[in-house]
Amino acid sequence: MTNDELKLIWLRESFPWMGNHSGYELVCDLIPELQPGKYQSVWKNSKPLSKITKRLLAPVTKKVKNSATYNETSAMQELKTLWNHLSSSWNLAHVVYLERTLGILPQWKQRLSYKLFATAHQPAGLWRMRRHHPKMLSSLDGLIVLSSKEVAYFEQYIPNRVHFIPHGVDMDFFRPLTDKEKIIAQKPEPRCVFSGTWLRDLETLAQVIDRVIAREPRIEFDMVVPIDKRGNPYFYRIARHSQVKWHAGISDEQLRDLYCQATMLVLPLLDCTANNALLEAMACGLPIVSNYVGGIPDYTRDSFADLLPVGDADGMVDTIIRLANNPQECAQRGANARAFVEKNLTWEKIATQTIEVYQKILAK
């Protein structure tokens, strides 16, 4: 590929619950360093649109809406992207969050002669229940999925155009403590860290915390959950325990410190593709206690992750107590997790794989 051939525009979005070192956006920042070309980004509005603008966009949004998470702000982002094409033509558009953005661009694809590419973040189950409609896929020249399990689902709609490329993690920022830092941060009691709300199995989490504390009251739990997401009754049940500490609105550094000072990540899930909390905890050298579901097997190995069947609270309790009482096993499993990240999940590796797919699409 020559330098002039790649003229890429990203449709991007930032999320208030993610810091500067988290999230899929990091791949977009790295790609220009690895592959010469012309790059642009169109960001989704972070502030609400005016009432007049929303009213004007409502008919357009209704016509193209193929997803529960597509709205007037999504339509505005796509219109800005098309307007950009008039002054600075691009040959490839990458919709970074497919489920939240794609609607208008397919209608102009042939007329403006560009290739259309996207990354899907949500598991196939949410597509099957029509939270996101498969008809939006037909216009894509290529699609990245974040779990190998999702390939078969999307291939039935766009055969030979689906690529599994894992989510990465900022391993330079999320890192284990040095020996000196360990001494300073050392705490006498085992700590389990939990983070997030989306597709988390909160019912099982509440059962696990109840039973762990009943058997081993010394084990503590750090809950990283935004205040406005704590309305679930299972969180009320969890909050009864004095061993549970709550965190919200924390900095990137504070989040990293919570991982580094924890004994393990405890993450009951209903489904997922990739998971930031999982990857960041692994990069910080934590053993994993989670579920064998969705994309989790792509991102873990038996040498550092105990994956239980969904809803297996007793199995999760036994695993947590086993690890809490075996610090040497925890340390070894944590080191194995970090080594796996270094080998497989660096953003440079992910960006390189993404560039290769760009090249294949433009070569067709």
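The values are calculated or read from the model by the stated rules, or taken from the named source; none is laboratory data. Owing to the predicted nature of the structure, the values given are computational and were not obtained by experimental measurement. Positions of Cβ are generated from backbone atoms using ideal geometry, with glycine treated the same way; all protein chains shown enter the neighbour counts.
Kindly indicate which of THR346, THR352, THR319 is buried (at least 20 other Cβ atoms within 10 Å of the Cβ) and of a type in the set (S, T, N, Q). Walk me through it before giving the result.
Details: THR346 fails: buried (at least 20 other Cβ atoms within 10 Å of the Cβ); THR352 fails: buried (at least 20 other Cβ atoms within 10 Å of the Cβ).
Only one candidate qualifies: THR319.
Regarding ALA351, is this residue in the same structural domain as PHE304 (by TED's automatic domain parsing) and either modelled with pLDDT under 95 or within 21 Å of the chain's Cα centre (by Cα) (or both)? Can you show your working first?
Details: in the same structural domain as PHE304 (by TED's automatic domain parsing): no; either modelled with pLDDT under 95 or within 21 Å of the chain's Cα centre (by Cα) (or both): yes.
Here the answer is no, as ALA351 does not meet what is asked.
Enumerate the pairs (first residue in region 215-244 and surrounded by 14 or more Cβ atoms within 10 Å (Cβ to Cβ); second residue anywhere and among the hydroxyl-bearing types (Ser, Thr, Tyr) and part of a strand (DSSP E or B)) with beta-carbon separation below 7 Å, excluding pairs fewer than 6 apart on the same chain, so at least 6 apart or on different chains.
Final answer for the pair search is VAL224/SER195.
Yes/no matrix, rows are residues, columns are (1) outside the structural domain of GLN254 (by TED's automatic domain parsing); (2) more than 27 Å from the chain's Cα centre (by Cα); (3) surrounded by 14 or more Cβ atoms within 10 Å (Cβ to Cβ); (4) modelled with pLDDT of 95 or more:
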{"residue": "LYS65", "(1), (2), (3), (4)": "yes, no, yes, no"}
{"residue": "SER74", "(1), (2), (3), (4)": "yes, no, yes, yes"}
{"residue": "GLN77", "(1), (2), (3), (4)": "yes, no, yes, yes"}
{"residue": "HIS85", "(1), (2), (3), (4)": "yes, yes, yes, no"}
{"residue": "LEU92", "(1), (2), (3), (4)": "yes, no, yes, yes"}
{"residue": "TRP108", "(1), (2), (3), (4)": "yes, yes, yes, no"}
{"residue": "LEU116", "(1), (2), (3), (4)": "yes, no, yes, yes"}
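Going by the conditions given, is ASN291 of a type in the set (S, T, N, Q), over 18 Å from the mean Cα position of the chain (by Cα) and more than 30 Å from HIS94 (Cβ to Cβ)?
When the stated conditions are applied, ASN291 does not pass them.
Does region 332-343 hold any residues that are without any contact (Cβ under 8 Å) to a residue 12 or more places away in the chain and either surrounded by 15 or more Cβ atoms within 10 Å (Cβ to Cβ) or in contact with a Cys (Cβ under 7 Å, 6 or more places away or on another chain) (or both), and which are they? Explain how you work it out, then say what you get.
Filtering region 332-343 for residues without any contact (Cβ under 8 Å) to a residue 12 or more places away in the chain gives 332, 339, 343.
Within region 332-343, just ALA339 meets the criteria.
So how many residues does region 56-77 have that are closer than 15 Å to LYS109 by Cα and in contact with a strand residue (DSSP E or B) (Cβ under 7 Å, 6 or more places away or on another chain)?
Our first condition is that a residue be closer than 15 Å to LYS109 by Cα; within region 56-77, this holds for 64.
Next, only the ones that are in contact with a strand residue (DSSP E or B) (Cβ under 7 Å, 6 or more places away or on another chain) stay: none.
Going through region 56-77 one residue at a time, the tally reaches 0.
Which residue out of GLU253, GLU189, GLU203 is of a type in the set (D, E, K, R), part of a loop (DSSP other than H, G, I, E, B) and either in contact with a Phe, Trp or Tyr (Cβ under 9 Å, 6 or more places away or on another chain) or surrounded by fewer than 13 Cβ atoms within 10 Å (Cβ to Cβ) (or both)?
Working: GLU253 fails: part of a loop (DSSP other than H, G, I, E, B); GLU203 fails: part of a loop (DSSP other than H, G, I, E, B).
Unique residue meeting the criteria: GLU189.
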